[in-house]
Each structure stands twice: as C-alpha cells, then as structure tokens.
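The values are calculated or read from the model by the stated rules, or taken from the named source; none is laboratory data. Here the structure is a predicted model, which is why all the values come from computation and not from measurement. Neighbour counts are summed over all protein chains in view; Cβ atoms, including those assigned to glycine, are modelled from backbone coordinates with ideal geometry. Accessible surface is based on the protein model in full, side chains and every heavy atom, while ligands, DNA and RNA are left aside. Shrake-Rupley method; radii C 1.70, N 1.55, O 1.52, S 1.80 Å.
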Amino acid sequence: MSDSEPRRPDDHAADTTGGPETSALTLCGARLADGRVVDVRVCGGRIEAVGTAGSLTAAPGARLDLRGHLLLPAPAEPHAHSDTALTADGSGPASERPEDVRRRATEAALLQLGHGATALRSHVRIGGPQGLAALEAVLQARRSLRGLADLTPVAVPRLLTGVAGAGNLAMLRDAVKMGAGAVGGSPDLDPDPAGYVEAVLEVAAEHGCPVDLHLDGDDPARLARFAALAGGLRQEVTIGPCAGLARLPADVAARAAGQLAAAGVSVTCLPQGGCCGTEHRGAAPVRLLREAGVRVAAGSGALRDPANPVGRGDPLEAAFLLASQGGLRPEHAYAAVSAEARHVMGLPEVRVEAGFPAELLAVRGEGLAGALSLAYSRIVVHRGRVVARTSAVREYCDSEAGGGPGLPRQGRPESTGGP
C-alpha cells in the first residue's frame, strides 16, 4: 500500500492501534511536557486514565511502549489548501477534474496526518466555471479519510459583490448546505472589500457557521471596519495570514491588534510561507498580537503548490519557526498549532488528562524544545487509535582512525523494546 493511500478504518495492526475505536489502548512510559513519566489508557476515543509509569499494567487491551517519547496533545491544521496542494511540479495549470482534486486533497491530508495533524481546515475555491465541483471533491476526500483524520472545508468564493458576484453569493449559501464547515474568501481581491466582508458575515449569521477570511492586514481603516462588523457575530471569526500588520508602524499595528482583540477575532499566521490569495510574503507580528490579547493560531498554508513549492504542511515546523524567529517560548509556539488551532476550528480542548479526547502525538525526545528542534519519529493517535507512524534512524560510519567501538546509532535504544 502506498503512503498516499488511506487505510480503511478497520485495517490496522492489533499491536499498534488497539482495535476499533471502542477498544482500549495503553500508552506506556511516555514523558509529558511537564516532565512526568506516565501510562495513559485510552478507550472509546477518549483518555480514560493517566497514572505514573507502571501503574496501569493490569489494564486490558493493547499496549504501546512510548519510552523515549514525549506525549503531547495532537496538533491541528487551521489553514490548508487541499484542492491546490501538490501541484507545484506540473508543467501547466493544475487539473481541476474532481477526481484529481479528491486525490490531491486525500494525499495532502495524509501527509499532514503523518506530521501529527489529526484535524484539518481546508480553504476550497468555489465559483467560476467549476462551480462547486472542487468542494464536492474535498467532501468526498473527507469521507474517505473518516477514522483517520477530520477534514473540514471552508468555502472560498473569489467575487461576492456587484453583478459579477451575485452568482457566487448564491453558491456560497449552497456550499454551506452541502457541508462546508465555514465561509471565507479574500476580500482584498474583490472590487468592494467592505461589501465582500458584509456578504460573508451575513451568510455566516444566516447559517450559524464560522468565518475564516484571507486578509493581509495592511490597511488599518479596513481592519477597524472589519472588527466593528465582526464584533456582533456570535460565530467564531478568524482572519489570516495578516502579514501586512508587520509592515505598519508599531503604534498603528498595536491599535489594530487591540481592535481585533476587542471584537474577539482570532488570527491564523503562516510561519512556513504564504498561500494562494496572498500577494505579500512575511509573517504576522505574533508577539504584538498576543500582547494585545488576540488569540493566535498557526497554520501551514500552501503545501507544494505554486504559492510555496517547498511547503511541508508540518505543524511542528510552524511551531519551530514561531519559537526560533517569532520569539515565542516553545510551549506557546506549540500551543499555536495545537490548543489555539483547535479553538479557532471549533474543536474540543485536548489535554493529556482523563476525560479529554484521545487526540495525541508522541514525538521522540525528552522535552518540548528538543522535540521542536528535531521531531524525527512520530506516532499519531486519533480517536484513541494509532493512525500514523513515522520512524527515523540516523547512523554514523565507523571512524577510519581506529579499531575501537563504532560511533553511536541514533534511534531506539536496544533496551527499550519500544516502537
């Protein structure tokens, strides 16, 4: 079976997945971010018990040795572009045939699942000659991924105002009825950005669905008007990547950030690069936004499409960049791709504590900073089952100088018996 082909939800090895979602699985000897070494029992898609290492030896069900691994709440992907992913290598325009869009969306989701993202929000274009075909293809991909990862599409029309946008506005409403989990788009590309925003917020209010818009954020007046409009909406409102805020004078950017915070608007930044619909490179001023009280999540943006031909779609790389270049502490950087990302996506909170969803990522390492630095081997748990595993081993050749023992081998210590 190829890496890009999803397994059936019931096609798994008993020694790693622990059977169907209702079966029990005990994760043994994992280290938590606070330094504790614990056993974690999951059952029915939730964490049933957390105890000191060795305390859950009598628990029934499958067991997975996680000695040498750091166990974390699984990351989530709040800003993907599944319909255009994996198109950078083509010689011409990417195929828009539904079967090709569905294949790309599935492969992209599996790549990101391998990195640890058990839930993804994907911005999908609607309108034009293709109408709702790309959205339907992504919805089909979502169905094929059931049991492996949760994929939620955001309907993204290009134009919404004037005569040219009337059809797209009707199509946006149809997209929500089809199953789009949020409404979005790029107001900056419409002749009437304010009218575009009003139309999206109106549809969101009608259908009770979240809003997730592409905004560069380089126009303070436009941001202020947007904050005023969004403040009255009961649904979650998110904008991104907002790299333009970093190009504004510091006092102007701080005032805009305060307005967003007061309106309850979240920001999804893209530390790994831009995406289609954004003309400028750069990153949002994450520390300024956080200091103003704005909830900041981090997404991947383009995944090997023309907007970013080398995009990895790796949430741990996004967290690494927030820590190494954005100046965030490792725990805050990781929260941006996990707790904060889940919040803006409307997902339940995850902690490694009893009663919380069993959405977990095990990374080889002793601490969070080291995990973000290297993050070689990963084991991903979704709804209480191991759904992805990545193993990496580093070897060094023996020195020519000497006859002594060989150089160390990076990988699993022989004594652990773990994966």
- Message: Among G370, G258, G92, which one shows the highest mean-square fluctuation when the chain is modelled as a Gaussian network with alpha-carbon springs under 10 Å?
- Response: G92
- Cα radius of gyration and Dmax for the stretch 137-197 (Å): 13.6, 42
- Query: Normalised by the number of residues in the stretch 119-175, what is the relative contact order in percent for Cα pairs under 8 Å and 6+ residues apart?
  - Reply: 42 percent
- Just for the Cα atoms in the stretch 159-313, what are the lengths along the principal axes, largest first, rounded to whole Å? 39, 36, 26
- Note on the structure: In nanometres, the difference between 0.36 nm per residue of separation and the alpha-carbon distance of D65 and T52 is 3.3 nm
- Cα-centred dipole magnitude for the stretch 281-332, charges only on beta-carbon of K, R (+1) and D, E (-1), debye, nearest 20: 100 debye
- Considering only protein heavy atoms and a 1.4 Å probe, what is the carbon-and-sulfur percentage of the accessible area of the chain? 51 percent
- Message: How high is the relative contact order of the chain? Use alpha-carbon pairs under 8 Å, at least six apart in sequence, and give a whole percent.
- Response: 19 percent
- Tensor-based shape of the stretch 319-392 (alpha-carbon gyration tensor, a/c under 1.5 rounded, otherwise prolate or oblate): oblate
- Note on the structure: Compactness check, the stretch 221-374: C-alpha Rg relative to the 2.2 N^0.38 Å globular estimate gives 1.06
- Over the stretch 240-322, equivalent-ellipsoid semi-axes from the Cα gyration tensor in Å: 23, 13, 10
- Message: Only Cα pairs within less than 10 Å get springs; with that Gaussian network setup on the chain, which residue of L213, L172, L32 has the largest fluctuation?
- Response: L32
- What does the accessible area per residue of the stretch 180-277 come to in Å², with a 1.4 Å probe and no ligands, DNA or RNA counted? 34 Å²
- Task: Taking H placed 1.01 Å from N in the peptide plane, check which residues at least 5 places from D65 or on another chain put their amide H under 5 Å from its amide H.
- Result: C28
- Near the amide H of L120, under 5 Å away, which other amide H atoms are found, from residues 5 or more places off or on another chain, if H is placed in the peptide plane? E77, D150, L151, T152
- Isotropic mean projected area of the C-alpha convex hull, the stretch 93-240 (nm²): 9.3 nm²
- Message: Suppose R0 equals 45 Å. What FRET efficiency, 1/(1 + (r/R0)^6) with r the Cβ-Cβ distance, do V37 and C397 give to the nearest 0.05?
- Response: 0.85
- Pick out, in residue order, every one of the trypsin sites (Lys or Arg not before Pro) in the stretch 180-235 that is DSSP loop and has at most 10 other C-beta atoms within 10 Å; say none if there are none. R234
- Message: Please report the antiparallel percentage of DSSP beta bridges with both residues in the chain, rounded to the nearest 5.
- Response: 50 percent
- Task: Take the Cα radius of gyration of the chain and divide it by 2.2 N^0.38 Å, with N its residue count; two decimals is plenty.
- Result: 1.02
- Query: When the distances between all Cα atoms of the stretch 18-124 are binned every 10 Å from zero, what whole-number percent does each bin get?
  - Reply: 14, 31, 24, 18, 11, 2
- If you average 1/r over every pair of different alpha-carbon atoms in the stretch 168-211 and take one over that average, what Kirkwood value in Å do you get? 10.5 Å
- Message: If I build a Gaussian network model for the chain, linking alpha-carbon pairs within less than 10 angstrom, which residue out of R104, R394, R146 has the largest mean-square fluctuation?
- Response: R394
- Order V176, V154, most accessible first, counting only protein heavy atoms with a 1.4 angstrom probe. V176, V154
- Accessible surface, per residue, of the stretch 310-374 when the full set of protein chains is kept, probe 1.4 Å, Å²: 40 Å²
- Task: Take the Cα pairs of the stretch 184-239, get the Kirkwood Rh, then feed it into Stokes-Einstein at 10 °C and 1.306 mPa s and tell me D in µm²/s.
- Result: 142 µm²/s
